[in-house]
Amino acid sequence: MSARVEAEPTSQRRDAVRPYAWARARAWQTNLVLLTIGAAMFLLARQLVSEYSHYTIGFSGVSGWSAILYVVACWLVLTQPVDRWTLPIILLVAVACRIVTLLPAPFLSSDVYRYVWDGLVEHAHISPYRYVPGDPALSFLRAPNQSVFDHINRRDYAHTIYPPLAQMIFYLVTWVSPTVTAMKAAMVLFEAVTVAALLALLRELGLRPAQVLLYAWCPLLLWEVAGSGHLDSAAMAFIALALVARLRKQPVSTGVWLGIAVMIKFYPLVLLPALWWRGDAQGSAWKLPAAVATVVAFGYACYAAVGMRVFGFIGGYAQEEGLATGARYFLLDLARRLPGMRQLPIWSFYGFCLIVFAGLMIWAWRVACQPGSEPTAFLAPASWLAMALMLLFSPHYAWYVIWLVPLFAVTPNLPMLVYLMGFFYGYTTALALPGPKMFLLNEYLYAATAIAFLIWLGTLALFGWRTLPLKGRGLPIHILALKGRGLPIHILALKGRGFSRAAKEPKNPGL
């Protein structure tokens, strides 16, 4: 039994093993099915590595089956009884799958080679922002590290794009070992930090620790972190730490962790409106943004000797990816295909984005940032701000969306699950080619996400209001569960002021 279940009276513990979804279900049955699914996911991880060298079922075959197994596993840990053995099983499978994908050289992305190169340049006492890798000034580094240099993408024209604290990570890792495997291992270790932070967060929220499976078994992470070694893993670790600090009402710590995440990958800055807390005392609202600003200023000050080149390849990347023309924004492209909208200017799309984020920020301010707000009220705005950024930005690479996974682990909801798994599978198919095919892929992905969102809202309207009482102007922010003989539906309320007491202390601890 979990700690929460063990603390319940005997009569309630007896109920925990008889949930409404599985007739006469027991925790050992859950564990047995999880072990079976975990073994299958381990074999699929091995198959992924096998696909690097020769085709068997294809990347789409591996991703499709992995997504199906992941969804089933999520349903199990959210709805079925668990015990003290469930979490060790989850962690064991997570570690085993990562070891399988960690050891081989990266195949689906070459970004990790740039991480190693930047670290090597720093160890030569040269700023990584000063020269492109192919510059003759760095030729003395090539011969000892030829296997790294040969795999660097954009090496002849692109300065590094990674922010200052990312460069510090590269320096530390290459100080230990200047190899791609060491860099990938460091990113997996950052995942361990994320898991530890999520476990702390789940316990403080009154949720079962086994829910960490939603992060630990996500196949997207196996591909993009253990497999390709993407830096987003480090950003996720500090985002998770920021969530824990925010729940504990520690504005300075929250700002520091969020600032570090921003200085690794810029996009976590969008979480600031949700994590901002005015505090119970007057005049303390400045602490969190000041902490973020201090970390950012410190990071750039460390590399200020190169001047404006400290911002690296950001401008060039914007041109390459069509950010300046609007070509990479799916929603803008979709609007331009409507009758009479072909010449829709890009500033109109940016105006639309401004309206969306203004609305979400106002909501975040009203439900999460005010003194006296529920400690957990920031979770829903944080999740939807992150989700909105991805939907509006419409990334073309799977690693850009993995930072949604920690948020999904603590606020599971159908739209985010559909988006993550749809993105994961779709971008391993033949549709993942820039142009008409990718537009069609995004049509499917966005349509599926929109349908999931409508189902989610409809379920909330039909059942959520009957399950738990309203608080204030909106619904309580919590993970709703429909009790009875039907399938439990876990969804996050769109509006509200925090977790209700009923959500923190469910009558049926087996849920």
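The values are calculated or read from the model by the stated rules, or taken from the named source; none is laboratory data. Bear in mind the structure is a predicted one, so any value in this text is a computation, not a measurement. When we count neighbours, we look across all protein chains shown, and the Cβ atoms used for this are built from the backbone with ideal geometry, even at glycine. Just the protein is used for accessible areas: all its heavy atoms, side chains included, with ligands, DNA and RNA removed. Shrake-Rupley method; radii C 1.70, N 1.55, O 1.52, S 1.80 Å.
A few remarks follow.
- The trypsin sites (Lys or Arg not before Pro) of the range 263-340 that meet both conditions, a loop assignment by DSSP and at most 13 other Cβ atoms within 10 Å of the site Cβ, are Arg337.
- For the range 64-86, no residue has its backbone nitrogen under 17 Å from a point 7 Å from the Cα of Ala447, taken along Cα to Cβ.
- Protein accessible area in the range 110-152, 1.4 Å probe - carbon and sulfur %: 53
- Label-point separation in nm, Tyr52 to Gln370, each point 7 Å along Cα→Cβ: 5.4
- Accessible-area composition of the range 378-449, carbon plus sulfur, in percent [1.4 Å probe]: 76
- Percentage relative contact order, the range 209-368, counting C-alpha pairs under 8 Å, at least six apart: 16
- Surface exposure of the range 247-299, expressed per residue as accessible area with a 1.4 Å probe, stands at 43 Å².
- Accessible area per residue for the range 97-164, computed on protein heavy atoms with a 1.4 Å probe, is 42 Å².
- Solvent-accessible area per residue for the range 371-451 (1.4 angstrom probe, square angstrom): 28
- Taking the protein heavy atoms of the range 161-217 in the context of the full set of protein chains, the accessible area attributed to carbon and sulfur is 76 percent at 1.4 Å.
- In loop segments of the range 178-255 as defined by DSSP, the trypsin sites (Lys or Arg not before Pro) with at most 15 further C-beta atoms inside 10 Å of their C-beta are Arg248, Lys249.
- Distance between the modelled labels on Asp135 and Ile362, one decimal in nanometres: 4.8 nm (7 Å Cα→Cβ projection).
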